[in-house]
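The values are calculated or read from the model by the stated rules, or taken from the named source; none is laboratory data. Quick caveat: nothing in here was measured; it's all calculated off a predicted structure. Cβ atoms come from the backbone with ideal geometry, glycine included; neighbour counts cover every protein chain shown.
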Amino acid sequence: MKWITARRRHPLAGYVVVILALALFGVGYAALAPTADQAQARTLAADVSSQDDADVDVAEGRDIYDQTCATCHNYDGSGTTNGPDLRDVGPAAIDFQVSTGRMPSMDPNAQMPRRHMVMSEEELANLIAYYNAEIRNGDAGAPIPADVPGHAPDREEFPTPVRADFEDEESYEEAVEEAEAAYEAAIEEYEAEFDAYIAGADNTDMGMKLYLTNCAHCHSWSGGGGALTDGRWAPEIHDASPRQIYEAMVSGPGAMPMFSDTVIEPDEKQELISYVKTLQTEPNAGGPIDLQRIGQVAEGFISWTIGLALIVACAIWITAKQRAHD
Amino acid sequence: MSKTTQAPKALRGVGNFIDDRFHLAKMGEKNLRKVFPNHWSFMLGEIALYSFIILLVTGVFLTLWFKPSMVEVIYDGSYERLQGVPMSEAYASTLYIDFEVRGGFLVRQIHHWAALIFLAALVVHMLRVFFTGAFRKPREINWLIGVGIFSIAIVEGLFGYSLPDDLPSGMGVRILQGVILSLPLVGTYVSMFLFGGEFPGEDIITRLYMLHILLLPALLLALIVAHFMILWHQKHTQYPGLGHTNKTVVGTPMFPAFAVKAGGFFFFTFAVTAGLSAFVQINPIHLFGPFTPTSITSGLQPDWYMGFLEGSLRIFPNTLDFDIFGYAVPVAVLIPGLGVMGLLFGALGAWPFIEQWITGDKRAHNVADRPRNVPVRTGLGVAGITAYGVLWLAGSNDILSETFSINLYLTTYIFRVLVILGPIIAFIVTKRICLGLQRRDRETLEHGYESGVIQQLPSGEFIEVHRESSDETVEILSSKPTITSTALDETVDDKGVESPESRKGMGKLRRRLALWYTRDNVSVADVEAHSGHHLHHSHSTEEQDKEPAH
């Protein structure tokens, strides 16, 4: 206490208190607030599945539909005042909305942001199987582009084994290693698939022209998204998988226009997706800090708050000290 | 302290040779001993000067490789992602500077950051001059030159931004063309003349290049030199203080002290600019891709100094457009695109003369005003900053809308209201703050400063002991000029006849403005330093004090 008493009137004491308080709140918030991982752990059945059509369960799909979709979209998919008619939208739209976590929506009046999918891959496959069998109008709407790579494997899909389930340390460690290897193998497989898809497209000019002509005026040149009219916004597409981008184009979610396969052909879509995904992984040649690639607004902000501020601080510094005979 | 040492013979010989012919010693003696007032706010203009030097040097470097040509080439340079893409030679050569020229990327980024800092420094320097009244006689001409430098620098920046012919460049040029087209009668002709045909044509980059590297920098350089020569001749203004009068300048001599400081300051400015360029990516043209007239992207703004024009274009309502004989007059582009710029520079250029007209003050001023002592001018300045700031923010309304999840249309309405209300509120608030500070100054002058020591009087009353301020403070506070105007002098002569001047409309307007300009000021003319009763307490606590507690 003496140590504090002696220093509490120090000119810097006030700043120290403020910094400590900020740190306390910051760390406290980070410790107590639910993270995305925890939130997801509650909703995500931790099981992986293949997407083979063979082992889909239409009955299970019906349960999911009735529980999570029917409230707004009605039991036969004909829609209610809260949700649109689903019968003609096609499975690509269902896959896009659910796999990007936008559906099921908490608030039908608000535009849903992207989030983790609330069901497992298997459940989604069942849901789509049920949709195709019972709700879809013939073969209306676009099908799922199965040859376009889907999303990268999630860490949560490969749970680390729990120590209590194992007899001894050795077998436990073995299991941990196995899970790790499985995850890495899945990542590798996905990356190979992704690269193969991207590699098929080597006409940067076509991809760039298609992207800058059709997509960039909402999603911006970098895919970072942008504001739209009436309080809506075009989401950033950095996290979107090639398949999700493809599905968005053929289904036209929300305010987005539909770009069917006759408007932009599948190989053009491949070029387009390749262009924007390659651009996003492009390193920042101009320096480690890229200002989120927001552009001129951020650059102007930095030029004032860092550039000019530092120089003015220097001016204050060099004129502060004056010798008596100056 | 030490005996005078003679220079080495070789030096003496050369020195004498030159001195015999040009009389440099006398000139050097006079100019090297020139005195510079010591205050950080007098260094702001130097930041602009140093940034300009950095711009010249890096700009020369860039011209060695840049090809201002719109001839289409197929890129086959070392940047793999764009290989095989058709683009203009201008864009291809910029990629060459970035990826093939050693240090080219860094120099391009230095050039761009220096441009942003150059204009920012111009603005803060101009604000300093405005708020301290340093534009008053005899410095009106130099103020006008400064306004000229500011306006040319903005255009110079816009043209430089347009040269690489990347996506944002092309969009910027397209907006420039839109504004040109909005000119009634001559718009289409000027556009066709500038672009050599339809947009984008094949000439615009070549022409902007000539303007960017030859004409505009030459004008800037000439104006900057004139600005400096006038400054050198008229000397700096200085803040009020002991020994600071309209006739004497107090400060550091040019040589050696100030020269060392200024030299060091140049290197610091360069270090900050180079540091930013090394670590923070700016205008990554290789990511944007080349401009084609069909390409457009959201989330792009001009560089910050054009932001206020972008903002005024974004929020100006388009309901005022009209047709005349079948020709459209796009008021919604004409007024925000050209009118706002004209208003800004017109108001800046005219202000010294308006102020002189209102006050009738024809004296020369070498001692700067403290901003609080001229509340109306300070209030107008802050109102101007507010209007500019609101327009500037409006230029990034899509970024704000997305970042803070505000409805885009709502931001437009908010900015439309703010651009009218904001300056009015800012003026009133600033004026009140200035007057409050004036009252506190008067209080400090009269009573000294609060020492923080509490004493109890025999009567039981507690008082805080005030101490006398330093001579410097007293000088600063008591030298507060009283703002008056000749328009408020008695205009009715002894025969009861009003002077013809003040009977006219302009005379009446001037009188009203003068009232508004001088009203509410707190005078210190009747105050003798440290005559207040607080001091009385501290000096003679034993005496019975009849005055009420305070």
Query raised in the report: Is there a residue in region A:267-288 that is without any contact (Cβ under 8 Å) to a residue 40 or more places away in the chain and over 30 Å from B:I74 (Cβ atoms)?
Result: yes
Query raised in the report: Can you name every residue in region B:40-62 that is within 13 Å of chain A (Cβ to nearest Cβ), more than 11 Å from B:A115 (Cα to Cα) and either of a type in the set (V, I, T) or in contact with a Pro (Cβ under 8 Å, 6 or more places away or on another chain) (or both)?
Result: B:I47
Report summary line: Over region A:289-305, the set of residues of a type in the set (S, T, N, Q) and either facing chain B (nearest Cβ under 7 Å) or in contact (Cβ under 8 Å) with a residue 60 or more places away in the chain (or both) is A:Q292, A:Q296, A:S303
**Report entry** Extreme residue, nearest to B:T188 (Cα to Cα), among residues of region B:307-328 that are among the aromatic types (F, W, Y) and part of a loop (DSSP other than H, G, I, E, B)
**Finding:** B:F325
Query raised in the report: Quick one: how many residues across region A:285-313 are surrounded by 15 or more Cβ atoms within 10 Å (Cβ to Cβ) and polar (S, T, N, Q)?
Result: 2
Query - Only listed residue being within 14 Å of another protein chain (Cβ to nearest Cβ), touching a helix residue (DSSP H, G or I) at 6+ places or on another chain (Cβ under 8 Å) and more than 16 Å from B:G532 (Cβ to Cβ), chosen from B:L410, B:L457 - result: B:L410
Requested in this report: Could you check, for region B:380-401, whether at least one of its residues is in contact with a strand residue (DSSP E or B) (Cβ under 7 Å, 6 or more places away or on another chain) and either closer than 30 Å to A:G225 by Cβ or at pLDDT 95 or above (or both)?
Outcome: yes
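A quick yes/no check of all residues on (1) surrounded by 12 or more Cβ atoms within 10 Å (Cβ to Cβ); (2) closer than 26 Å to A:P283 by Cβ:
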residue: B:K9; (1), (2): no, no
residue: B:G13; (1), (2): no, no
residue: B:K30; (1), (2): no, no
residue: B:H39; (1), (2): yes, no
residue: B:M70; (1), (2): yes, no
residue: B:P86; (1), (2): yes, yes
Query raised in the report: Among the residues of region A:273-286, is any assigned to a loop (DSSP other than H, G, I, E, B), of a type in the set (K, R) and at pLDDT below 90?
Result: no
Query - Complete set of residues in region B:95-120 that are of a type outside the set (A, V, I, L, M, F, W, C) and within 31 Å of the chain's Cα centre (by Cα) - result: B:G104, B:R108, B:Q109, B:H111, B:H112
Report task. Could you check B:I315 against (1) within 11 Å of chain A (Cβ to nearest Cβ); (2) more than 30 Å from B:E46 (Cβ to Cβ); (3) surrounded by 18 or more Cβ atoms within 10 Å (Cβ to Cβ) and say which number it fails? Result -> (1)
Query - One residue from B:A278, B:A332, B:A259, B:A274 being out of contact with any strand residue (DSSP E or B) (no Cβ under 8 Å at 6 or more places or on another chain), surrounded by fewer than 20 Cβ atoms within 10 Å (Cβ to Cβ) and within 9 Å of chain A (Cβ to nearest Cβ) - result: B:A278
Query raised in the report: Looking at A:E156, is it touching a residue at least 40 places away in the same chain (Cβ under 8 Å) and either surrounded by 12 or more Cβ atoms within 10 Å (Cβ to Cβ) or touching a strand residue (DSSP E or B) at 6+ places or on another chain (Cβ under 7 Å) (or both)?
Result: yes
Query raised in the report: Does region A:195-210 hold any residues that are in contact with a helix residue (DSSP H, G or I) (Cβ under 7 Å, 6 or more places away or on another chain) and either more than 9 Å from chain B (Cβ to nearest Cβ) or among the small types (G, A, S) (or both), and which are they?
Result: A:Y197, A:I198, A:G200, A:A201, A:M206, A:G207, A:L210
Report task. Determine, yes or no, whether B:G275 is without any contact (Cβ under 8 Å) to a residue 12 or more places away in the chain and either of a type in the set (D, E, K, R) or under 28 Å from B:A48 (Cα atoms) (or both). Result -> yes
Report task. Determine, yes or no, whether B:M229 is away from every other protein chain (no Cβ under 12 Å) and either loosely packed, with under 14 Cβ neighbours inside 10 Å or within 30 Å of A:D290 (Cβ to Cβ) (or both). Result -> yes
Query raised in the report: Among the residues of region A:253-264, is any more than 8 Å from chain B (Cβ to nearest Cβ), crowded, with 17+ Cβ neighbours inside 10 Å and touching a residue at least 60 places away in the same chain (Cβ under 8 Å)?
Result: yes
Query - Unmet requirement for B:D19, which otherwise passes all of (1) in the same structural domain as B:L216 (by TED's automatic domain parsing); (2) more than 38 Å from the chain's Cα centre (by Cα); (3) surrounded by 13 or more Cβ atoms within 10 Å (Cβ to Cβ) - result: (1)
Report task. Out of the residues in region B:283-301 that are facing chain A (nearest Cβ under 7 Å) and assigned to a helix (DSSP H, G or I), state the one that is surrounded by the most Cβ atoms within 10 Å (Cβ to Cβ). Result -> B:F288
Query - Single residue of region B:288-326 satisfying the filter (free of Cβ contacts under 8 Å to residues at least 12 places away in the same chain and among the aromatic types (F, W, Y)) that is nearest to B:R81 (Cα to Cα) - result: B:F322
Report task. Go through region B:1-77 and tell me which helices (runs of 4 or more DSSP H), entirely inside it, have 2 or more residues that are β-branched (V, I, T). Result -> B:9-22, B:44-63
